[in-house]
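Okay, so here's the structure we're looking at.
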Amino acid sequence: MKNKLQLFCAAIMLTLFGSCGGGLKIKELKLFPVLSGNNWQYVDREGKTVINPQFGDASVFRDGIALVQTSSTDAKWGFIDEDGKYAIMPSYLSATIFSEGLAWVVSKNEAPIAINEKGEIKINLKDAQTVAIFKEGLAAFSIVDSSGLKWGFVDKEGKVVINPQFSSADNFCNDKCAVENADGKWGYIDKDGKIIINYQFDGAENFINGKAIVVSDGKYGVINDQGKYIINPQFNGMVNDGGKFLINQNDKWGWCDKDGKININPQFEYASPFNGGNLAAVKSGDMFGYIDKEGKIVINPQFEDAYPFNGNIALVRNSNKYGFIDKEGKYLVNPQFDQIKNDLRYYLFNGSSQFETVKTNYFNVDVITARIKKKITDKSVAGLNFDTPISTIMSKLKITQNDFSKYSNENQVVSENITNDASLDFYIIGNPWTQSYNGWFSFNYSFNQNYKPQSYAYRINLKNNGYGKEDLVIKSLINAMTGYSKDTTQSDENETTLKSDSLTLNFFKKNGVVIVIRPSDKKKQE
């Protein structure tokens, strides 16, 4: 998913995720996730603890369910109801919030699956690298192909309705979705995947009420659903705020109307949207206060940090503690909470979530095993045997004598990607160069075209979901090599030796690497 437009607040840069609810009135929360000691708890609007501190991480409640993480060493994600009871037991490595009745979850060494609120599996996206929550019946997902990362869309039946083809993609909103092409330009598609607004923007946000914020040459403006500018690119930042826009000009924040006319002069260091309410948090000088829709100070700047009102209360921070105030700026709950969740920040700003995407943990060891097994046979390695002279090897692999080191026996001659999680290097072990002393404190080197290798080796480089799964790779390779048995006298924790009647295979491992060596059964060449 793409990087979103940025709104400054609370002296940090908060990256906001687009939401079809952006600029509209946000639902009032019953419970708020706050930190107590080392664990997260939930408090009500009066600051009373409703769900005791026990979680390592926690989301906002949406439709009566919240995503939480256990605080154990082997932390897992699950879902709780508003009584704090598990609706879906914590068993996942990662998970999204529920959206439109489905959540994406990932288990160890598994691909993302979509579950309903009963925990039942509805979709399995085995090939997906990243997947986003459902919006308007579609979820964006990415795959990796020969040209790199590509994004497409799947429906709630698990059917791919828009093939992966975009370099990046947002969520659908108002029946449109911002997508990026290979040149880094953004446009919009409909639900059939058809381009309806051509690629032309450097950045593009969701359509909300027929309008979308776009970026061109570093400036922000607004287009209508025909792709025509209704506010020309002129601001340094913009956030949809219902019938108006929060804007940044000359590093100050203010507001303009739907036509781009400034109605609250950019004068604040930071600002949050009104979100359909009558007050907005702003920073003036070193402190935060609140203004009305006319830009007048209603609650004097007195807080270290301040957030949008949620109904009649707002979160503020003083003395590095969080509490609640009313619309007169009076404390309803004195500052006492250590931290608030980023997910709560996202929700208060525009109704979105910190937990909208998950990445696969699936590691396709089978494709690695198949590749190695295909290359190593009883008589050859990659079609080469130990009677094959180096001249024939160079011709077959399209390499030259410059690919062989004069000073080492290890020569990497081929390198290729297998998957997004593994690459493969092919080595010829041995040195076809010979040296002779020239009598002048140096050596002459000659290349032996008839040299025959001592060994062949494969180096499997593991990354992403493959990293740390060296044992899994070795186990899979050993199981695939029929006709071999383990030589226990030559095997230990880091090395495994397999032997058949006439052949030997050595497997070595270290962090992120598995090496397979097929040594020659002939004596070392002099």
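Filter the range 375-411 down to the residues that are assigned to a helix (DSSP H, G or I), open to solvent by 30 Å² or more (accessible area, probe 1.4 Å) and either of a type outside the set (S, T, N, Q) or under 19 Å from GLN435 (Cα atoms) (or both) and list them by number. Passing the criteria: LYS375, SER391, LYS396, LEU397, GLN401, ASN402, ASP403.
Could you tell me which residue of the range 323-364 is farthest from GLY466 (Cα to Cα), considering only residues that are aromatic (Phe, Trp, Tyr) and out of contact with any strand residue (DSSP E or B) (no Cβ under 6 Å at 6 or more places or on another chain)? Only one residue fits best here, namely PHE349. Of all residues in the range 459-473, those that are more than 24 Å from VAL381 (Cβ to Cβ) and in a helix (DSSP H, G or I) have Cβ atoms under 7 Å from Cβ atoms of residues that are open to solvent by 30 Å² or more (accessible area, probe 1.4 Å) and not acidic (Asp, Glu), 6 or more apart or on another chain, in ASN464/ASN420; ASN465/ASN361; ASN465/TYR362. Within the range 412-447, being in a strand (DSSP E or B), among the aromatic types (Phe, Trp, Tyr) and over 17 Å from LEU397 (Cβ atoms) holds for TRP433, TYR437, PHE443, TYR445.
Looking only at the range 1-56, filter to residues that are crowded, with 19+ Cβ neighbours inside 10 Å, among the β-branched types (Val, Ile, Thr) and modelled with pLDDT of 95 or more; which one of those is nearest to ALA306 (Cα to Cα)? Of everything passing the filter in the range 1-56, VAL34 is nearest to ALA306 (Cα to Cα).
If you go through the range 358-416 and pick out every residue that is closer than 30 Å to ASP501 by Cβ and of a type in the set (Asp, Glu), you end up with 4. Residue-level check: of (1) surrounded by 16 or more Cβ atoms within 10 Å (Cβ to Cβ); (2) without any contact (Cβ under 8 Å) to a residue 24 or more places away in the chain; (3) out of contact with any Pro (no Cβ under 6 Å at 6 or more places or on another chain); (4) β-branched (Val, Ile, Thr), VAL105 misses just (2). Of the residues examined, ILE372 is not one that is out of contact with any Phe, Trp or Tyr (no Cβ under 8 Å at 6 or more places or on another chain), modelled with pLDDT under 95 and open to solvent by less than 10 Å² (accessible area, probe 1.4 Å).
Being assigned to a strand (DSSP E or B) and crowded, with 21+ Cβ neighbours inside 10 Å is the filter here; which residues of the range 124-134 pass it? Listed by number, the residues that qualify are VAL131, ALA132.
Residues are listed down the side, and each one gets a yes or a no for (1) of a type in the set (A, V, I, L, M); (2) in contact with a Cys (Cβ under 6 Å, 6 or more places away or on another chain); (3) part of a loop (DSSP other than H, G, I, E, B); (4) open to solvent by less than 70 Å² (accessible area, probe 1.4 Å):
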residue	(1), (2), (3), (4)
TYR199	no, no, no, no
ASN206	no, yes, no, yes
GLN226	no, no, yes, no
GLN234	no, no, no, no
MET238	yes, no, no, yes
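Looking at TYR290, TYR322, just one residue is open to solvent by less than 50 Å² (accessible area, probe 1.4 Å), among the hydroxyl-bearing types (Ser, Thr, Tyr) and closer than 22 Å to SER353 by Cβ, and that residue is TYR322. Does ALA182 satisfy the condition of being open to solvent by less than 10 Å² (accessible area, probe 1.4 Å) and closer than 30 Å to VAL144 by Cα? No, not satisfied. Restricting the range 142-179 to residues that are open to solvent by 40 Å² or more (accessible area, probe 1.4 Å) and touching a residue at least 60 places away in the same chain (Cβ under 8 Å) leaves a set whose member that is nearest to THR357 (Cα to Cα) is VAL144.
The values are calculated or read from the model by the stated rules, or taken from the named source; none is laboratory data. The structure displayed is predicted, hence computed values, not measured ones. Methodologically, a virtual Cβ is constructed for each residue, glycine included, from the backbone with ideal geometry; neighbour enumeration extends over all protein chains shown. SASA here: full protein model, heavy atoms, side chains in, ligands and nucleic acids out. Shrake-Rupley method; radii C 1.70, N 1.55, O 1.52, S 1.80 Å.
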